[in-house]
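The values are calculated or read from the model by the stated rules, or taken from the named source; none is laboratory data. What you are looking at is a predicted structure, and each value in this text was computed from that prediction instead of being measured. Every residue, glycine among them, receives a Cβ derived from its backbone with ideal geometry; neighbour counts consider all protein chains shown.
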Amino acid sequence: MKAINATWKYGRFFIASISWITGSLLFIAGATWLPYFLGGLGLLALVLDLTLGTDENIYYYDNPTIFYPLQYASQISGVVTAILFAWLLGTPNDFLGISAGLQAVTGYDMLAAHSNAPLSMYVCMLMLTTLSAAIGSIGIGHELTHRVNNPTAVFMGRLGEAFGMHTRFSIRHPYGHHNWVCTPKDPATARRGENFYPFVLRSIIGQNIQVWELEKYRLEKMGLSVWSYENKALRGWGMEALVALMFFAAAGPLGVLAFLGVGLGVNIALEFANYVEHYGLIRVDEEPQQVRHAWNDNHKLSYWATVAISRHAHHHANADIEFWDLRPFPNDAPAMPFGYALTIIIAAIPPVWHWVMNKKLINWDENFASESERNIAAKYNLESGQDTLVAEGRKYFDKLAA
């Protein structure tokens, strides 16, 4: 029993990895019921996020260094899933001789099992690859690229990000977002009243511009050209190009198009996370970040499936804290309305999102914001286009004028 408890304690953060590994094994076996597996998995995730409740415990680990090989193994398994997707797109060419090798070892003819693969199999592998790339970049990749003094961790994080087409994350996130979050300078902080869909474009364009500016500034300080090999942005985009080339080698233009589809899905998922994690929050520029500057979530499934990103308040208050040591702050940080799954679904429906979040923003202004932040928030309330927030902004300034 002690071994089972320990396995769960360390392994629960990798349930998403286990999901796509299971799906990939089912694909290799040619299981035609893979769509039912994925559909059931999605439904189960939503139900558990709603019903499991919250976890506000603080955990201590006897052997935390084991988390690094577990993260590396998860990244590699995600790469394997992507290669299998590329292989499927290129059948009957047997990309990398995968089927031939498997048949030589086991006698199983993988090519024959997929000779008449239905469209649903292609859709499932697209979904599995997007899931693995999302966790490998937004979840585990995010954590690893924060470990700036560990070159292996940073490389493995960027590897996951390359398969999700946003290696910019490893630069813009720790050196830009974490410095500018909740201020107008951060394009990844959603404004009050801003709908998700225009936010996506503003955020992605703004982040790519800032990545280039950050690298240009860093290299100029080193006396190097922005076109130097030391430019991490260029190297990251080069990694993404190599992944695209792999898909092209496997399946030609269709492979590249599929990789772009994976990248689009992952980038949208990242922007959903950005949107719900800081929507409408205010911080006075150059003042230190506190736990009040991120929407926090202590739902159990979110905690496990996002590799503890859900404890976002502590992460922004101290980005040097490794994910397993993040604390819940149930009283000192503002809370998301639901777990990540349902919160993101609501964010995709602007009228519902604003109806829910307007109340939470008013509560944040009254119970979490400093006086300076409250003053800025009142100005943004007036500009939000949300009747409830506009009324609160007027009330604030009428009180000041009285």
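Brief remarks on what is shown
- Of the residues Val276, Val307, the single one that is out of contact with any strand residue (DSSP E or B) (no Cβ under 6 Å at 6 or more places or on another chain), buried (at least 22 other Cβ atoms within 10 Å of the Cβ) and in a loop (DSSP other than H, G, I, E, B) is Val307.
- Residue pairs whose Cβ atoms lie under 7 Å apart, separated by 6 or more positions or on different chains, with the first residue in the range 310-323 and touching a residue at least 12 places away in the same chain (Cβ under 8 Å) and under 13 Å from Asn298 (Cβ atoms) and the second among the small types (Gly, Ala, Ser) and part of a helix (DSSP H, G or I), are Ser310/Ser302.
- Any hit, the range 175-190, residues being among the β-branched types (Val, Ile, Thr), buried (at least 24 other Cβ atoms within 10 Å of the Cβ), out of contact with any strand residue (DSSP E or B) (no Cβ under 7 Å at 6 or more places or on another chain) and more than 28 Å from Asp387 (Cα to Cα): no
- Test: residue in the range 136-146 that is charged (D, E, K, R) and either within 30 Å of Trp355 (Cα to Cα) or at pLDDT 95 or above (or both): yes
- The range 1-120 holds helices (runs of 4 or more DSSP H) entirely within its bounds, and those carrying 2 or more residues that are under 22 Å from the mean Cα position of the chain (by Cα), surrounded by 12 or more Cβ atoms within 10 Å (Cβ to Cβ) and among the hydroxyl-bearing types (Ser, Thr, Tyr) map to 15-28, 67-89.
- Listed by first and then second residue, the pairs linking a residue in the range 96-116 that is farther than 17 Å from Ala82 by Cα to a residue that is part of a helix (DSSP H, G or I) and among the basic types (Lys, Arg), with Cβ atoms under 9 Å apart and 6 or more places separating them unless they lie on different chains, form an empty list.
- Residues that are under 18 Å from the mean Cα position of the chain (by Cα) and within 13 Å of Lys232 (Cα to Cα) within the range 201-215 comprise Asn208, Val211, listed in sequence order.
- Contact map, the range 29-58: first residue at pLDDT 95 or above, second residue buried (at least 16 other Cβ atoms within 10 Å of the Cβ) and β-branched (Val, Ile, Thr), Cβ cut-off under 8 Å, separation 6 or more or different chains; the map is empty.
- Residues in the range 227-236 that are more than 22 Å from the chain's Cα centre (by Cα) and surrounded by 16 or more Cβ atoms within 10 Å (Cβ to Cβ): Asn231 only.
- Note on the range 158-175: residues that are more than 13 Å from Val79 (Cβ to Cβ), in contact (Cβ under 8 Å) with a residue 60 or more places away in the chain and not polar (S, T, N, Q) total 6.
- The listed residue being under 17 Å from Ile268 (Cβ atoms) and of a type in the set (A, V, I, L, M, F, W, C), out of Met127, Met110: Met127
- Among the candidates Val291, Val284, Val256, the residue that is closer than 15 Å to Phe329 by Cβ and surrounded by fewer than 24 Cβ atoms within 10 Å (Cβ to Cβ) is uniquely Val291.
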